[in-house]
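The values are calculated or read from the model by the stated rules, or taken from the named source; none is laboratory data. The shown structure was predicted, so the numbers you read here are calculated from the model rather than taken from an experiment. A quick note on method: Cβ atoms are made from the backbone with ideal geometry, for glycine too, and the neighbour counts reach across all protein chains shown. What goes into the accessible areas is simple: the full protein's heavy atoms, side chains included, and nothing from ligands, DNA or RNA. Shrake-Rupley method; radii C 1.70, N 1.55, O 1.52, S 1.80 Å.
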Amino acid sequence: MPTIPAQPYDYPLPENNQGLALVIIDMQRDFLEPGGFGDSLGNDVMLLQAIVPTIGQLLAVFRRLGLPVIHTQEGHQPDLSDCPPSKRDRGQGSLTIGDRGPMGRILVLGEAGNQIIPDLSPLPDEIVIPKPGKGAFYNTPLESILKEKGVTHLIITGVTTEVCVQTTMREANDRGYECLLVEDGTESYFPEFKRATLEMVRAQGGIVGWTASSGAILAALQS
Ligand code: C5J
């Protein structure tokens with residue numbers, strides 16, 4: 001059985017990669033560019049840029065192999081009916097969800113700042129899951145889409161490691177998916193939180209899943 005060298009032990013790939021999907025979480029201007037949600041909360045958004053080429057390489061290989069790609073997009077309806085007041089009011093940043101910033105309304109679907117960054121733009125046939133929460137399974141059709149496509153194995157990338165990425169990975173793990181988090185394909189505004197998240201998901205024999213480098217994944221998929 002083909003595997004990817006990973007921690008805490010090799011990640012078993014499904015037969016002929018059938019059932020394998022790439023998940024790219026929230027690679028949106030709101031988190032990666034000045035003037036968006038991440039910036040308004042006082043974060044150094046430039047820290048997240050490092051993973052863009054890495055995710056781009058994985059995306060290119062998944063596209064070439066014809067394997068499913070799922071992009072997620074954190075955002076709310078313009079009337080904020082899907083945004084709990086607790087989420088809107090927390091943070092006390094310079095701008096909050098729904099306020100107008102230089103890239104349009106913060107974390108509102110359809111606004112310029114809420115789009116996925118141009119380098120990782122979804123193709124028309126790729127799945128984009130708008131999500132109101134941190135986890136990609138909460139109040140979204142993600143689980144039914146994965147079931148319909150026969151997806152069992154998730155290669156997980158995106159931002160931020162300890163918030164939307166970790167929440168989604170835990171939700172997926174509870175639903176029975178074999179999850180592998182890409183070590184150099186996820187990033188946080190807090191390097192120590194990224195480090196801790198990688199360690200905690202693969203601790204205790206992979207209690208939430210595996211971690212591996214993009215190099216190991218690319219080599220296994222292209223061999
Ligand atoms: C945050 C996310 N950090 N995509 N969202 O609020 O991690």
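Remarks
- Accessible area per residue in Å² at 1.4 Å probe, computed on region 122-223: 42
- Note, ³J(HN,Hα) from phi for region 37-47, Karplus 6.51, -1.76, 1.60, rounded to Hz, x at Gly and Pro: 5, x, 5, 5, 8, x, 8, 8, 5, 5, 4
- Projected over every direction and averaged, the convex hull enclosing the alpha-carbon atoms of the chain yields 11.5 nm².
- Computed from phi, the 3J(HN,Hα) profile of region 168-178 under the Karplus parametrisation 6.51, -1.76, 1.60 (θ = phi - 60°) reads 5, 5, 5, 4, 5, 4, 5, 8, x, 7, 8 Hz, with x in place of Gly and Pro.
- Signed unit charges on C-beta, dipole axis of the chain, positive-most listed residue Val151, Ala6, Val182: Val151
- Here region 49-92 has an Rg and Dmax of 16.6, 44 Å, counting Cα atoms alone.
- Scaled radius of gyration (Cα, divided by 2.2 N^0.38 Å) that region 1-108 gives: 1.38
- Region 136-164 and region 89-132: distance between their alpha carbon centers, rounded to Å: 18
- Taken along its three principal axes, the alpha carbon spread of region 51-155 comes to 43, 28, 21 Å, from the longest extent down to the shortest.
- Scattering curve values for region 106-155, log₁₀ I(q)/I(0), Debye with Cα scatterers, q = 0.18, 0.23 Å⁻¹: -0.73, -1.09
- Cα-based Lys proximity count in the chain, under 25 Å, for pairs eight or more positions apart or on separate chains: 9
- HN-Hα J in Hz across region 124-135 - Karplus 6.51, -1.76, 1.60, θ = phi - 60°, x for Gly and Pro: x, 8, 8, 7, 10, 10, x, 9, x, x, 7, x
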